[in-house]
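The values are calculated or read from the model by the stated rules, or taken from the named source; none is laboratory data. Values in this document were obtained by computation on a predicted structure and should not be read as measured data. Cβ: placed from backbone, ideal geometry, glycine included. Neighbour counts: every protein chain shown.
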Amino acid sequence: MNSPFNYGWLALAVVISLISAWTWGYSHGQAVSDQRWKAQRATEAFDHQTIERAKEHAISSQFEAIQDQTQAQLAQARDYANAANAELGRLHERLAAMRDNAERIDTTTPGSCQATRQASMVLSDLYQRDSKRLAEVGAAYETARLRGLTCEQAWDSLRRTFNR
């Protein structure tokens, strides 16, 4: 029963089996390779995200520290400004008292005393106005200076972080 026809079918079945096994092996190998590549890319992406989150956290912490320091400096500047305003108020009270006292003084030369009193009143009023304005400008300048220093510190912090 050895006919060539039976061997042909058998040879064809073997060839089809080999081609099927080769195709299956190739596609399986490709799938495994893709899975490894995807896993490696996912690990790299996760590591990159972790590093970036750490950088963001470091920057955020630096900014918070700079903000806290600036808020403390601004509070201290406000305290100094309040103390200066209180001292200025006491000085203004003394000037008002001196002016009131000068108006009560009776001298023998009423004309010269009147001119002196008027000049001292004008100078006193000018001093009060100018000293108040100077206090306002000084407080605004100090606030702007501290905010500028804060901005500079934040910029330097960012530059150091990204130049690493």
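Residue-level check: of (1) charged (D, E, K, R); (2) modelled with pLDDT under 80; (3) assigned to a helix (DSSP H, G or I), ASP106 misses just (3).
Only one entry of ALA31, ALA72, ALA39 meets the criterion of being under 17 Å from the mean Cα position of the chain (by Cα), assigned to a helix (DSSP H, G or I) and modelled with pLDDT of 90 or more, and that entry is ALA72. Checking each residue of region 60-67 against the condition of being in a helix (DSSP H, G or I), surrounded by 11 or more Cβ atoms within 10 Å (Cβ to Cβ) and either in contact with a Cys (Cβ under 7 Å, 6 or more places away or on another chain) or aromatic (Phe, Trp, Tyr) (or both) gives at least one match. Condition first: modelled with pLDDT of 75 or more, closer than 30 Å to GLU56 by Cβ and surrounded by 11 or more Cβ atoms within 10 Å (Cβ to Cβ). Can you find one or more residues in region 92-102 that meet it? For region 92-102, residues modelled with pLDDT of 75 or more, closer than 30 Å to GLU56 by Cβ and surrounded by 11 or more Cβ atoms within 10 Å (Cβ to Cβ): absent.
Inspection of region 116-132 finds a residue satisfying the criterion of being at pLDDT 80 or above, under 30 Å from GLN69 (Cα atoms) and in a helix (DSSP H, G or I). With respect to ARG78, determine if the residue is assigned to a helix (DSSP H, G or I), at pLDDT 85 or above, among the basic types (Lys, Arg) and surrounded by 10 or more Cβ atoms within 10 Å (Cβ to Cβ). When the stated conditions are applied, ARG78 passes them.
Among residues of region 70-90 that are within 16 Å of ARG129 (Cα to Cα) and touching a residue at least 12 places away in the same chain (Cβ under 8 Å), those with a beta-carbon under 7 Å from a residue that is surrounded by 15 or more Cβ atoms within 10 Å (Cβ to Cβ) and among the polar types (S, T, N, Q) at least six positions away or on a different chain give the pairs LEU88/SER131.
Applying the selection to region 43-83, what residues are touching a Ser or Thr at 6+ places or on another chain (Cβ under 6 Å) and hydroxyl-bearing (Ser, Thr, Tyr)? The answer is THR70, and nothing else.
The conditions of being in contact with a Leu (Cβ under 9 Å, 6 or more places away or on another chain) and closer than 19 Å to ASN163 by Cα are not met by ILE51.
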